[in-house]
Amino acid sequence: MRIASWNVNSIKIRLPNLLRWLKQAEPDVVVLQEIKCIESGFPTLEIEAAGYRCAVVGQKTYNGVAILSRHPFTVERRALPGEAEDEPARYIEAIVEPKGINGKRQIVRVAGIYFPNGNPAPGPKYDYKLAFMARFEAHARDLLAFEEPLVLGGDYNVIPEPEDVYNPQAWLTDALFLPTTRAAFRGLMNLGFTDAFRALHSEVAYTFWDYQAGAWAKDHGLRIDHLMLSPQAADRLVASGIDKKPRDWEKPSDHTPVWCELKL
């Protein structure tokens, strides 16, 4: 079962690239971030024609997440538990039911996340980022109690380690790389989650390149898109990677897909 995450940075602009990538990569499940549209504006018909069911948590112009699946699924949550006044369209969670090798229906819980950027830091936006991360950690702890394969995928807006950014010194005061941000991310991992990419790869690799200053051509990137696996999912991990090809296509997102494969 191949599960992927992609911040598409506007589904309206990036739909041709998404459809092209779905055809080439053939993921079973994809969580999308920054779709930047409400549910009625989401290209459901085009994506269903490509073989995927859709669920959308949208917001006009900003944010927005979605889950696409080739398998039956049931949406469990459309918002992160916590503050009632929370900014919408940053979280979606579903139970996906693929068929395993023996033909029996399996259960994999998949969540799509779009963490706040947090800049400028310090300030209210950074306070909100840390509060969101704390709420996410609390919910992730609750999800672990189910003891089932669980994949938390998305744009975390967190650079975990110095090797995950092209020039660490230039990012020391950025909300994505502050010690408190990285500590909050480690708190999630300390619950027992595994970074799907780092579990199988030690090389320098990025998932985001800014549109400015020739960042893509110079490979001045960041690794901020992650797939975090529960122990039950990590035990089934057989492959993972970052698909850089879509970043080189016409009108690309500034992010590129990350993926992992689980043996069911």
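Laboratory data are not the source of any read-out in this text; all were calculated from the coordinates shown. The model shown is predicted, which means the values in this text are computed figures rather than measured ones. Every residue, glycine among them, receives a Cβ derived from its backbone with ideal geometry; neighbour counts consider all protein chains shown.
Side notes on the structure shown:
- Relative contact order of the stretch 57-168: 22 percent, from C-alpha pairs under 8 Å at least 6 residues apart in sequence.
- Normalised by the number of residues in the chain, the mean separation of alpha-carbon contacts (under 8 Å, six or more apart) gives a relative contact order of 20 percent.
- Within the shell of other residues whose beta carbon sits under 12 angstrom from the beta carbon of ASP28, the net charge comes to +1, with Lys and Arg scored +1 and Asp and Glu -1.
- In the stretch 111-264, taking the dipole from charged Cβ atoms about the Cα centre, the farthest positive-side position among THR207, PRO168, GLY192 is held by PRO168.
- Long pairs among LYS12/LYS60; LYS36/LYS251; LYS104/LYS263; LYS129/LYS244, criterion Cα-Cα beyond 19 Å: LYS129/LYS244
- Gap separating the Cα centres of the stretch 154-185 and the stretch 4-51, nearest whole Å: 27 Å
- Label corresponding to percent of Cα pairs over 24 Å apart when calculated from the structure given, among (i) 47; (ii) 44; (iii) 55: (ii)
- When the charge dipole of the stretch 59-119 is built from unit charges on Cβ atoms (+1 for Lys and Arg, -1 for Asp and Glu) and taken about the Cα centre, the candidate among VAL75, GLN59, ALA89 whose Cα reaches farthest toward its positive end is VAL75.
- When the Gaussian network model of the chain links Cα atoms closer than 10 Å, the mean-square fluctuations of VAL31, VAL65, VAL75 top out at VAL75.
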